[in-house]
Every structure is written in structure tokens, then in C-alpha cells.
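The values are calculated or read from the model by the stated rules, or taken from the named source; none is laboratory data. Worth saying up front: this structure is predicted, and the values here are computed from it rather than measured. Please note: Cβ atoms are built from the backbone with ideal geometry, for glycine as well, and neighbour counts cover all protein chains shown. For the accessible areas, the whole protein counts, side chains as well, though only heavy atoms, and no ligand, DNA or RNA atoms are used. Shrake-Rupley method; radii C 1.70, N 1.55, O 1.52, S 1.80 Å.
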Amino acid sequence: MKTPLLGCIADDFTGATDLASMLVRAGLNVIQCFGLPDDPESLRDADAVVISLKSRSIASEDAVDVSRAALRVLQELGVQRYFFKYCSTFDSTPSGNIGPVADALANDLGNETTLFCPSFPENGRTVYCGHLFVHGIVLHESGMRNHPLNPMTDGNLVRVLQAQSEREVTSWKLHDPPPNQTRQHVIVDAITDEDLNRVATAAKEHHFLTGGSAIAGHWGRILFEETRGDSERDASSAPLGGGRTVILAGSCSDATRTQIGAFATRYPVHRFNATTDSNADELASRALDWCRDQWAQTSEVPLLICSGEDAQSVKRAQQAMGVDASSRQIEHAFAAIARGLMDFRVQRIVVAGGETSGAVTSAIHIRVVRIGSEIAPGVPWITSIHPPHLTLALKSGNFGGPRFFLEVTEAPDE
């Protein structure tokens, strides 16, 4: 009986598709589950299984519980190696959830030295002397310092992780020998793909690794070549053709706002803000009425719906309603919009933002997908295996170039 080579647990939905994309690029056949799978036995034909969780910004105790449940599913499948995926910008609060989840998984697996490698050089994320940089700017001076949910105010990942973890946290600097096998967490320096390959090679004998999607791709490729190099590799899926395209942008990152601005020069955009004067259903109803009006004029025009017109409007809503309440209203609105779009012959949905992606896929009951071709680094097409049969792209807020939404909208059918 075939068992997956690699089992992955991701702390949000866009990060999970980013990870799955890197594994497909490395040659693996990948199936991704949104939440814990209903039928784990159906996943056995994959080389890698990615379980996507919404655990990044919830209570640490809940994040640990659901992550351990995902680990048990993978262990029952007989998975040989395990990977814990978090954001390449190490998104977390001062108390978690990266450290508590990593502690719990390492304990359950009996793992001693656990490597932490968030670097993704292709997307400008690098680690040097234990400090994380975003396009050459230290983390706490980058746009991540203004993140609405997890503002990152310290670029020293050793210090950040130590505040979250019960284990000793050290660093593995460039050109140093690999760390000794003792009970510790190790922040890994990596500024190039060659560095990532060096780390993945050193981790060949490890059975548990953590980090961003880039190191997972290198590790998966090395493990695959050593164990299954002669098996069938081309199992990715192409986007479904025809139908309407809608972009749902819940991310408030600088990158996503730039992408929205470029899209708005050519196609219609509907913007809404969290407000004490409306509930989520009212916000969704207005957005769906707007879609109906737009398609009455031009039946196939691509549309974009976004929240948070600018940083000031997001901050005003958070001050008036509270951060949690305003975020919940936005998520619930996007979930209702996604359900309503199923009546409009929509074939492709592009979602920006991890929390929004979780809300949308849950609302329309997307549970298991096959990973397809990359649109941009870390952003693949995904196609649902069960009804509703849709093509989706789930994008981390910071990913993609300035014209990403235009490019994904105008991409030819494959």
C-alpha cells in the first residue's frame, strides 16, 4: 500500500498553497486538504499531503490542539517525514503560535534538534545572523510592522521564537557546521537558493523540519529523488476554462493594495469597510448586487471586491469595533459573498489574504484540491476534486508583483 512521502501542516490556507506549489515544482504529486480531511485514505496516491489549518491567529491552545490532530492524521497514513509551514515573514504574536505548535509537534514526534528556515529568496525573504529581512529591509522596518493582525516589531528571530518556546533557541549561521543533535530549536541563516539546498541536504536524515515553502521545496526534491525518482511526476492540474473570474481581496498589505490599484485601471472594483452601521450579510448583499449590475452590462468582465480602502479606514474600523470584531465582520462578509457567487456561473476565484482564503474555501465547501501550475512564485492554480468544481488561486497578501491581479485575470486557459 502506497503511503505519502511527506506530510505537511500549514498554519493558514494561502501558505499551504504556496507550500504545495513549491512541492509540485520539485516534482511531487500533491494533494491539499482544507481543514482535517474527512477521508484520509483517499490521500494515499499523493507523494505529499498538505493539511491547511486556520491556526496562525487563533488562541495558542487551539492552534496546538488542531495541529496535533493534523499530525495524528498524517501518522495514521504512515507518512515518512513531516513539515510545519508558517509564513516566510514569521507572522506571529509575541506569544505564538509558531513556537507553541512547533514545541508540540516536536514533542509528539520525539524530535530533538528542530530547524526553522523561513527564508524564501525568490520572494525577497532572507535570514542572516538570525535576523529576517524583507527585500533587504530588516523585518521590523518593513511593511510587516503595520500588519493589522500580527505586526512584527522585532527582526531577531532567535529572540522572537525564544519568547514563544519552551526549548532553547539558537542560530545556525552561514558557513558554520550543522548544529549538534540536542533538544533545541535552531533559526537557520539562508540568503540564496544555494543556502537552502545546503540546509535541505543537511536535513536529509531529519524526520521533522519547519519553515517557509522554499525550504520545503528543496527538502521535498531531495527526499523524492532518493526514494521515488522513477515514479510519475506530472500529476498537476490545469485551470478550468471559461466562466467568470472574481478576485476577493481581504488582505490589507501594501503589496495587495498596489495590485488592486493596477487592476482598477482596467476593470471594475468594489470596496467596502468594516462598520458598526452594517452587518456582514448587508455588506455581502451590496457586493453581490454590484456584481449583478456589472455583469448585466458586460457578461464576462472580471471583477474585484476588496475590504479596507486604505490603512486609515482599517484602523478606524478597528478602533470603533475592536480588532477581532472588525476582522470577523470582514471574514463573514467574504464568506457570504463567496456563497452568493455560486449562483453567477463563476469559474475562477482568486483570493488574497490567508484569513480571507480560509473564510472563502470553508464557505463554499472546498475540502480537497489538486495543485496545478504556478501563476507567480508560491501561488499555484488549484482545482477542487469534488463539487463545486472550481479553479482557485489563494495568494498570501505579500506575494505577487504589482500587476498580479491583471496577469491572473488575463492568463490564457491551459
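Give me, ordered by chain and number, the residues 5 or more places off residue 397 or on other chains with an amide H under 5 Å from its own placed amide H.
For residue 397, whose amide H was placed from the backbone, the distant partners under 5 Å are 353, 354.
Given the Cα-Cα distance of residue 42 and residue 339 and 0.36 nm per residue of separation, how much length would full extension add, in nm? Mind dumping the intermediate values first?
Values: separation 297, 0.36 × 297 = 106.92 nm, distance 2.64 nm.
Difference between extended and current length: 104.3 nm.
Just to confirm, what accessible area per residue do you get for the range 97-156 at 1.4 Å probe, in whole Å²?
Per residue, the range 97-156 has an accessible area of 34 Å².
Using only alpha carbon pairs under 8 Å that are at least six residues apart, calculate the relative contact order of the range 1-64 and give it in whole percent.
44
Straight-line reach from residue 173: which aspartates and glutamates fall under 18 Å, measuring Cα to Cα and dropping same-chain residues less than 8 apart?
Counting by Cα, and skipping residues close in sequence, residue 173 has these aspartates and glutamates nearby: 189, 193, 194, 195.
Going toward the positive end of the dipole of the chain, with +1 on Lys and Arg Cβ and -1 on Asp and Glu Cβ, which of 342, 212, 90 do you reach last?
342
Please report the net charge: other residues with Cβ closer than 10 Å to the Cβ of residue 86, K and R +1, D and E -1.
Spelling it out: positives minus negatives among the neighbours equals -1.
Quick one: helix 254-264 against the long Cα principal axis of the chain, what's the angle to the nearest 10°, folded into 0 to 90?
With both axes taken from Cα atoms, the answer is about 30 degrees.
Can you compute 3J(HN,Hα) from phi for each residue in the range 86-98, using the Karplus curve 6.51 cos²θ - 1.76 cosθ + 1.60 with θ = phi - 60°, rounded to whole Hz and x for Gly and Pro?
10, 5, 5, 9, 6, 4, 5, 8, x, 9, x, 10, 5
Suppose a student asked you for the relative contact order of the chain, using Cα pairs under 8 Å spaced at least 6 residues apart; what percent would you report?
20
Treat each spin label as a single point 7 Å out from the Cα along the C-beta direction, and report the residue 3 to residue 93 distance in nm.
Result: 3.7 nm between the two label points.
In nm, to one decimal, how far is the residue 365 label point from the residue 159 one, both placed 7 Å along Cα→Cβ?
Placing both labels 7 Å along Cα→Cβ, they lie 5.0 nm apart.
Please give the contour-minus-distance gain from residue 75 to residue 146: 0.36 nm per residue of separation, less the Cα-Cα distance, rounded to one decimal in nm.
Here the answer is 21.7 nm.
Among 102-113, 215-226, how do they line up from the highest to the lowest mean number of other beta-carbon atoms within 10 Å?
Sorting 102-113, 215-226 by mean packing, highest first, produces 215-226, 102-113.
Of the beta bridges DSSP finds with both residues in the chain, what % are antiparallel, to the nearest 5?
30
For each pair in 2/395; 85/204; 204/395, compute the distance between the two Cα atoms and list the pairs where it is over 24 Å.
2/395; 204/395
Provide Rg and Dmax in Å for the range 1-100, with only Cα atoms included in the calculation.
When restricted to Cα atoms, the range 1-100 yields Rg and Dmax of 13.0, 43 Å.
Give me the Debye-computed log₁₀ of I(q)/I(0) at q = 0.12, 0.18, 0.21 Å⁻¹ for the range 239-364, equal point scatterers on Cα only, no solvent, two decimals.
Summing over Cα pairs of the range 239-364 leads to -0.41, -0.94, -1.28.
With contacts defined as alpha carbon pairs under 8 Å and 6 or more residues apart, what's the relative contact order of the range 26-167 in percent?
Rounded, it is 20 percent for the range 26-167.
Roughly how many percent of the accessible protein surface of the chain is carbon and sulfur, given a 1.4 Å probe and a whole-percent answer?
C and S fraction of accessible area: 48 percent.
Would you mind counting up the charge near residue 397? Only other residues with Cβ under 13 Å from its Cβ, with Lys and Arg at +1 and Asp and Glu at -1. Intermediate values should be presented prior to the final figure.
Details: positive: 56, 257, 395; negative: 12, 18, 91, 254, 355.
Here the count lands on -2.
Rounded to the nearest whole Å², what accessible area per residue is found for the range 1-87 with the 1.4 Å probe?
Here the residues of the range 1-87 average 30 Å² of exposed surface.
From the phi of every residue in the range 70-82, what ³J(HN,Hα) in whole Hz does the Karplus formula 6.51 cos²θ - 1.76 cosθ + 1.60 yield, where θ is phi - 60° and glycine or proline is x?
5, 4, 4, 4, 5, 5, 5, 6, x, 4, 8, 9, 10
Any idea how far apart residue 68 and residue 290 come out in nm if each label point goes 7 Å out from Cα toward Cβ?
For residue 68 paired with residue 290, the spin-label model returns 4.4 nm.
So, for the range 362-414, what is the accessible surface per residue at a probe of 1.4 Å, expressed in square angstrom? Let's see the in-between values first.
Values: 1970 Å² over 53 residues.
About 37 Å² of surface per residue is accessible.
Report the gain in length on full extension from residue 264 to residue 297: 0.36 nm times residue separation, minus Cα-Cα distance, nm rounded to one decimal. Provide the component values of the computation, followed by the final result.
Values: separation 33, 0.36 × 33 = 11.88 nm, distance 1.71 nm.
Gain in length upon complete extension: 10.2 nm.
How charged is the neighbourhood of residue 8? Take every other residue with its Cβ under 10 Å from the Cβ of residue 8, and add Lys/Arg as +1 and Asp/Glu as -1.
Values: positive: 81, 85; negative: none.
Combined, the nearby Lys, Arg, Asp and Glu give +2.
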